[in-house]
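Taking it in order: structure first as structure tokens, then the write-up.
The values are calculated or read from the model by the stated rules, or taken from the named source; none is laboratory data. As the structure is a computational prediction, the values presented were derived from the model and not from experiment. Here the Cβ is made from the backbone with ideal geometry for all residues, glycine too, and neighbour counts use every protein chain on show. Surface areas here come from the heavy atoms of the whole protein model, side chains and all, with no ligands, DNA or RNA. Shrake-Rupley method; radii C 1.70, N 1.55, O 1.52, S 1.80 Å.
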Amino acid sequence: MYLTIAVIVLIFVVIFQIAKASEYVSLLKGESVSRKQNNKVNGFLMIVFLVLGLVGVWYCNELYFGKTLLVHPAASNHGEKVDSMLWWTLGVTGVVFIATQILLFWFAYKYQENENRKVYYFPHSNFLEMLWTVVPAIVLTGLVIYGLRNWFSFTGEAPNNAMVVEVTGKQFGWIFRYPGKDATFGKKYFKAIDAATNTIGLVWKDDATLNLKADPATLDDIVTEQTVYIVKDKPVKFIIGSRDVIHDVGLPHFRLKMDAVPGTPTTLWFTPKYTTKEMKEITKNPNFQYEISCDQMCGNGHYSMKGVVEVVTQEEYDAWIAKQKPYYFSAFPDADPANKKLPASDTTKAATAKL
Ligand SMILES: [Cu+2]
């Protein structure tokens, strides 16, 4: 730290001294000679900056591209479209960037002060003005339309066969809800939330003080935390909300993200293309996990909001969901048939049946 500051200070001192020295030199040599010399040096430096800059762009790409997500394929249908959109944008802006930078620095070098050249007076050209207004406008409109089409596609209606999962952000974690056997999410109400037993406020019981009527559709809803299971090649729609502040469901491997806003449900849908297992092979990383990262600064535990998406086959999913119990049973264990003690007569019957 101190070393860096010392080096920066030293560089400033050196620049200051050079400036001062060149001032004295110009006094000795005369204004015009020294200006011409400076022009030459500056012109040469322009070319040096150009070359160093372009080499730097190439070098940083060599150094860091391997660490980006782009080395592995996008893991969803929409992700592929987002990637292609990104490549098109980078391609178009990249070509323009390199061409304009080369021209900018080359012109500064080539057309430096020269006594044998007279300046050509070129005040205005309607054609050129039109050209560099209309062409970028058309290209940018194209890119925006391309992006909007993707946006409407992944925030729009999901296919009929899509599975639906509700995602709720909270400080600091994720709660997932599956609709259960009736395929319907039961009603929830924020005042019914109880951090220990009813994390998203399902309306299980009548509550006169809150003016709530129990919703039977809540009884089979399945609630999990931190890990969500979805199926490869099957569209999945997330209905996204938040319990406290604004979070954001960031799905970097699927190239999607969507804000989680309290009181205003947002949606997105996508079709996962590779199971977690397949992705481990693709990335050659045995510890690979699809991650939900909160993409919105949401408080001091923001960094720890990692959720996991398990993409599995239909069979694996069926086996997993069959093992899940309705959330209702964890709040009211007595309602769980598995916990019900059989009446004495039934026990005898069961025993006889066994025999
Ligand atoms: Cu968050």
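Computed quantities for the displayed model
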| quantity | calculated |
| --- | --- |
| The chain, relative contact order [Cα under 8 Å, separation at least 6], % | 16 percent |
| Amide proton proximity set for Leu256, modelled H, under 5 Å, gap of 5+ | Leu251 |
| Percent accessible area from carbon and sulfur atoms, the stretch 163-354, protein chains only, probe 1.4 Å | 55 percent |
| Rg followed by Dmax, in Å, when the chain is reduced to its Cα trace | 32.1, 119 |
| Virtual spin-label span in nm between Ser293 and Asn160, 7 Å along Cα→Cβ | 3.9 nm |
| Rounded FRET efficiency, nearest 0.05, which uses the C-beta distance separating Val96 from Gln226 and R0 of 41 Å | 0.40 |
| Computed lengthening from Leu103 to Ser304, 0.36 nm per intervening residue step minus Cα-Cα distance | 67.6 nm |
| Modelled FRET efficiency - R0 30 Å, Val135 with Cys60, Cβ distances, 0.05 increments | 0.55 |
| Accessible-area ranking of Leu50, Leu128, Leu3, largest first, probe 1.4 Å | Leu3, Leu128, Leu50 |
| Loop-located trypsin sites (Lys or Arg not before Pro) in the stretch 272-307, at most 10 other Cβ atoms within 10 Å (DSSP) | Lys284 |
| Sites Asn285 and Ser26, calculated FRET efficiency, Cβ-Cβ separation with R0 51 Å, nearest 0.05 | 0.25 |
| Unsatisfied cross-links (Cα-Cα over 18 Å) in the set Lys181/Lys325; Lys232/Lys306; Lys29/Lys110; Lys181/Lys323; Lys170/Lys257 | Lys232/Lys306; Lys29/Lys110 |
| All-pairs alpha carbon distance profile, the stretch 30-133, 5 Å steps from 0, percent | 2, 9, 11, 14, 14, 12, 11, 9, 7, 5, 3, 2, 1, 0 |
| Cα lying deepest toward the dipole's positive end in the stretch 163-354, options Trp320, Val245, Thr224, charges on Cβ | Trp320 |
| Listed residues Met163, Met85 arranged by accessible area, highest first, probe 1.4 Å | Met85, Met163 |
| Share of carbon and sulfur in the accessible heavy-atom surface of the stretch 60-122 [1.4 Å probe, %] | 68 percent |
| Semi-axis lengths (Å, descending) of the ellipsoid that matches the C-alpha gyration tensor of the stretch 163-354 | 32, 24, 14 |
| Residues of the stretch 14-105: accessible area per residue with a 1.4 Å probe, Å² | 73 Å² |
| In degrees, nearest ten, helix 126-155 long axis to first principal axis of the chain (Cα) | 20 degrees |
| Percentage relative contact order, the stretch 244-336, counting C-alpha pairs under 8 Å, at least six apart | 26 percent |
| For the stretch 163-354, size of Cβ-based charge dipole, Lys and Arg +1, Asp and Glu -1, in debye | 220 debye |
| The stretch 163-354 - accessible surface per residue (Å², probe 1.4 Å) | 52 Å² |
| Degrees separating the helix 2-29 axis from the principal Cα axis of the chain, which is the longest one | 20 degrees |
| Distance from the stretch 31-49 to the stretch 153-219 (C-alpha centre basis), Å | 70 Å |
| Around Val261: net Lys/Arg minus Asp/Glu count, Cβ-Cβ under 12 Å | -2 |
| Net length gained if the chain between Ala196 and Leu128 were fully extended (0.36 nm per residue, minus Cα distance) | 17.7 nm |
